[in-house]
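The values are calculated or read from the model by the stated rules, or taken from the named source; none is laboratory data. None of the values given here were measured: they were computed from a predicted structure. A quick note on method: Cβ atoms are made from the backbone with ideal geometry, for glycine too, and the neighbour counts reach across all protein chains shown. Calculation scope for accessible area: heavy atoms of the full protein, side chains included, ligands and nucleic acids excluded. Shrake-Rupley method; radii C 1.70, N 1.55, O 1.52, S 1.80 Å.
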Amino acid sequence: MCHFLTAVLSADADIENCSLIAEKFQRIFEPVSNQHVQKQLEPKMKYYCMTKGNCDCGTIWGKGNGSGDIKKKMNRKLKKLRNKGWSEAKIKRFIESKNQASQGDQASLKKQHVDCETLAQQWISFVSEIIDQGLSDYMGILLHWYSGNLEKEKVDIQQIEKITLSELTPTFIWKAKEDVLYIFKKNRGV
């Protein structure tokens, strides 16, 4: 269905002021009541949807994390096309056009790099503002490909990684993995 970015904040987070900051970055903090996810979190963590629109498809998060994920997405797309009754010849033409489009010209690639850098810096600013202003002890971000409802999806968090703000870079965001909950803090010891 779609990618969504969800967040985890400390239970004592100043959600009102966190929401004001989120608004500046075209985000929200909408509580999500997903029992499957909540069981995997510490009791002092609250789970939120940050998506202010339909979904987060095309997000910078995890965009450059390897061809394996790209292959998975392409396989999902091909399965959908086959289910729609597309012939193998038509699918082959679709794949060829995708391959040509992905090559692009150098100017387009440079612009894409600048756009990705800008988007990543916006995320870094967003997370940093929440933590630097002391509105939450930490902020967690989880990228997941949802096949259904956010509150009913059985999301299996593969790993929880604690990351300092100084480690939150555009490259980190670009290489983020799906189903890993990244907890951002000022310092590791805090």
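Scanning segment 4-41 for residues that are part of a strand (DSSP E or B) and either loosely packed, with under 13 Cβ neighbours inside 10 Å or of a type outside the set (S, T, N, Q) (or both) turns up 4, 5, 7, 8, 9, 30, 31. Taking the conditions exactly as written (outside any strand (DSSP E or B) and surrounded by fewer than 17 Cβ atoms within 10 Å (Cβ to Cβ)), does residue 60 satisfy them or not? So residue 60 fails the test. Within segment 175-190, the set of residues being loosely packed, with under 14 Cβ neighbours inside 10 Å and either touching a Lys or Arg at 6+ places or on another chain (Cβ under 9 Å) or assigned to a helix (DSSP H, G or I) (or both) comprises just one member, 188. When segment 37-69 is filtered for residues that are β-branched (Val, Ile, Thr) and modelled with pLDDT under 90, the ones remaining, listed by number, are 59, 60. Residues that are open to solvent by 60 Å² or more (accessible area, probe 1.4 Å), over 27 Å from the mean Cα position of the chain (by Cα) and at pLDDT below 85: does segment 70-91 have at least one? Looking for residues that are open to solvent by 60 Å² or more (accessible area, probe 1.4 Å), over 27 Å from the mean Cα position of the chain (by Cα) and at pLDDT below 85, one finds none in segment 70-91, hence no. Against the test of being over 18 Å from the mean Cα position of the chain (by Cα) and modelled with pLDDT of 90 or more, the options 17, 34 yield a single qualifying residue, 17.
So which residues in segment 42-57 are open to solvent by less than 60 Å² (accessible area, probe 1.4 Å) and touching a residue at least 40 places away in the same chain (Cβ under 8 Å), if there are any at all? Selection gives 45, 47, 48, 49, 50, 51, 55, 56.
For segment 20-31, enumerate the residues that are over 13 Å from the mean Cα position of the chain (by Cα) and within 28 Å of residue 174 (Cβ to Cβ). Correct list: 20, 21, 22, 23, 24, 25, 26, 28, 29, 30.
Give the residue that is nearest to residue 45 (Cα to Cα), with candidates limited to residues of segment 125-157 that are aromatic (Phe, Trp, Tyr) and open to solvent by less than 10 Å² (accessible area, probe 1.4 Å). Here the residue is 126. Scanning segment 159-174 turns up no residue that is in a loop (DSSP other than H, G, I, E, B), over 14 Å from residue 6 (Cα atoms) and open to solvent by 80 Å² or more (accessible area, probe 1.4 Å). With respect to (1) within 16 Å of residue 127 (Cβ to Cβ); (2) out of contact with any strand residue (DSSP E or B) (no Cβ under 9 Å at 6 or more places or on another chain); (3) not hydroxyl-bearing (Ser, Thr, Tyr), the lone exception for residue 163 is condition (2).
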